[in-house]
Structure formats: C-alpha cells, structure tokens
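One structure below.
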Amino acid sequence: MSEALVATEVPEASASGASGARQFWRRLRAQRAAMVAASVVALLVLVALAAPLLTALEGQDPTTYHPSLVDSARGGVPIGSFGGIGADHWLGVEPQTGRDLFARLVYGARVSLGVALTATAVQVLLGVVVGVAAALGNRWVDQLLSRITDIIVAMPLMIMALALLAIVPSSFPRPVLVALIIGFVAWGTIGKIARAQTLTLKELDYVAAARLSGWGTVRIARRELLPGLAAPVITYAALMVPANISIEASLSFLGVGVKPPTPSWGQMLSSADVWYQAAPQYLLLPAAALFITVLALTVLGDGVRTALDPRAASRLRIGTGRKQESKAGQEGSA
C-alpha cells in the first residue's frame, strides 16, 4: 500500500515542480523589460567568456604598452581622432600607456562579473546555512546565530572591505580576495531572510509529517525546507549581483580592489578621472559599461522577483502600460 502511495505521489510532485517552472518562465517572458535585460546580461556574459577570442580578432591584448600611440609632449594623450580609434584599436587606446581600450574593457567584464557572481554565491551559501541552522536549532543556537547575523548586518561593508584588503598580502589573487571579502562581510541580510522563511516553513503540515516519520533535521532541511527557500533566495540573489558589481567598482576606484595590470572597470574609472577632457572615451566607456550592466541586472532581478511572486507588483514598472495593467486586472477578476 505504501509503495503504491509513493508511486502515485512522486509523479504528482514532479509534475507540480515542472508546472511551477513553466509558470515562472511564462510570467518572466510576459515582462518585456525583463526579457530585454536578460538579453543584455546574456550578451555581457558572452562577451566576458569570449574575451580572448574577441581580442585575438582585434589582434591586441589588455596589457601590452604602445608608447608610440600616445603623445608624450602633451602628457600622454592618444594620437589620432577619438582617442586613437582605428582598424587596429577599435575603441582607441589608454592615455599614457597606449594599452588597447577594447581589450581592457572586455577583460574588465570578466573581472567585474566574475567577482560579483562569486561574491553572491558566497553570500547565498553562508546566509542560507546560518539562517536555516538558526531556525532549526534550539533557543541558544538561534540566539547565538541571530546575534552574529545582526553584527554582520550592522557592519559598514566598505570600511570593513577597505580594512581587510589593506592587510592581506598583495601576492593573494586580488579578484578572488575581493569576491571573498564581499561575500563574507555582506551575507547578513540573506541570512535573516532564510531564517524567517524557515521559521514559517517548519510549522507547515508536511514538515511536521516528515518530523513525525522519523526524518532527521538535515534530511528535513534538504528535502522539505530548501525547496521552499528557493524563491526568496533566488529573488534576493538576483538583486545582489548588481550591488556587488558596484561594490567591486567602488573598491577598485578607491585603489584597494583589483590591482594593475589586471583590467577592471572600476580601476579604469579611477585612472580616468584626470583624462575626461583630453580623452573622454577613457572615462565614458567603463562608466557606460557599468551603468548598462547594473541597470540590466537590476531590471532582470526585479522581473525574477515578480515572476516568482506574481502577487507583488513590479517596483520599476518598466515595459508596462495602462492597457497591460487593465488587462491584468481583468484576468485577475475573472
């Protein structure tokens, strides 16, 4: 009898999961702004992954100096129109050094996106583990982990990151270090979200039934609680990625993030502040790349949040008009 019940319940559960995934994609595809943002993000990721191929097609690399392409008599201003743009240098060259801007820009995408995604993964891992452990532990464990989470949330991220980056030896790979520091210092909010959601989920009937059947705490967390945490965690993680890109750029701009010759958009902005009149493209290109990336990821994160929770209205209201809103209201009333 029990085998028959299991045989009938498993397909229903898998069908329910498949149906939920289809509904999520349908809601996400219905948001034009989110789909445009997803296309932009996919293009940025493709550019970052294909950076060696793209620079090989151009015939340049991000670290080679070209002193013959800058005018030393004018302080290192690129020779030629629009910062030295030409067939050999598609976006011109860097002032003083003559390094290729296109190569540094596409390799900088690797660093910025890689640091942001790695930091987000660390934040999600630490936050979920600590939040679930606090919610499932006894009163003393919950109090201890909750106070640690409160301390992490109260820490000033930039000040802590600046202090830690200043004391770590320069031999440690800088992009990895920046990602780990951001992840270890900024997981508190997602830890609070995971704890609150777990406290709600563990009071539900199916979790109580699993506990009465003899399942251990780890098995209950893995099989029953983590699937319920997926929606809020994915939603918040999607919004953390653009924030982490901004943090990495800020740290590199302050001179304590990614170090030369490794290219980074924030580092390019840091060294471009004195060239905005003589070579404006040196400032505008990384600034535009940062703006487009953060905007696209923010819009995509908002779209994911709305698709996972259709009851919540989009905060940005991009790509929605009065006709769409009235149509959604008619469908809801029907």
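Some values worked out for this structure:
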| item | result |
| --- | --- |
| Within a Gaussian network of the chain (alpha carbon springs, distance under 10 Å), most fluctuating of Gly216, Gly84, Gly98 | Gly216 |
| Alpha carbon centroid spacing (whole Å) that separates the range 231-267 from the range 86-130 | 9 Å |
| For Met268, Met158, Met240, order by how many other beta-carbon atoms lie within 10 Å, fewest first | Met158, Met268, Met240 |
| The chain: most fluctuating residue of Ala37, Ala103, Ala87 per GNM, C-alpha cutoff 10 Å | Ala87 |
| Environment charge at Trp90 (Cβ cut-off 15 Å; Lys +1, Arg +1, Asp -1, Glu -1) | -3 |
| Value of Rg/Rh across the range 30-327 [Cα atoms, Kirkwood radius] | 1.07 |
| Relative contact order (%) - criterion: Cα under 8 Å, at least six apart; region: the range 30-327 | 23 percent |
| Residues whose placed amide H lies under 5 Å from that of Val70, excluding near-sequence neighbours | Ile79 |
| The chain - mean residue ellipticity at 222 nm from DSSP helices (-39,500 (n - 2.57) per run, n ≥ 4, rounded to 500) | -23000 deg cm²/dmol |
| At least 24 Å along the helix axis (C-alpha) and Kyte average at least 1.0, DSSP helices within the chain | 32-49, 101-136, 226-253, 280-308 |
| Radius 10 Å from Cβ of Gly257, net charge of other residues (Lys, Arg +1; Asp, Glu -1) | +1 |
| Listed peptides 271-281, 109-119, 167-177 by packing density, highest first (mean Cβ within 10 Å) | 109-119, 271-281, 167-177 |
| Farthest positive-ward along the chain dipole, Cα basis, beta-carbon charges - from Gln23, Ile234, Leu177 | Gln23 |
| Dipole magnitude of the range 30-327, debye to nearest 20 (Cβ charges: Lys/Arg +1, Asp/Glu -1, about Cα centre) | 1080 debye |
| Net charge of neighbours whose Cβ lies under 14 Å from the Cβ of Pro52, counting Lys and Arg as +1 and Asp and Glu as -1 | -1 |
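Every number in this text was worked out from the coordinates using simple rules, so none of it is lab data. The model shown is predicted, which means the values in this text are computed figures rather than measured ones. Don't worry about glycine lacking a Cβ; one is built from the backbone with ideal geometry, like all the others, and counts go over all protein chains shown.
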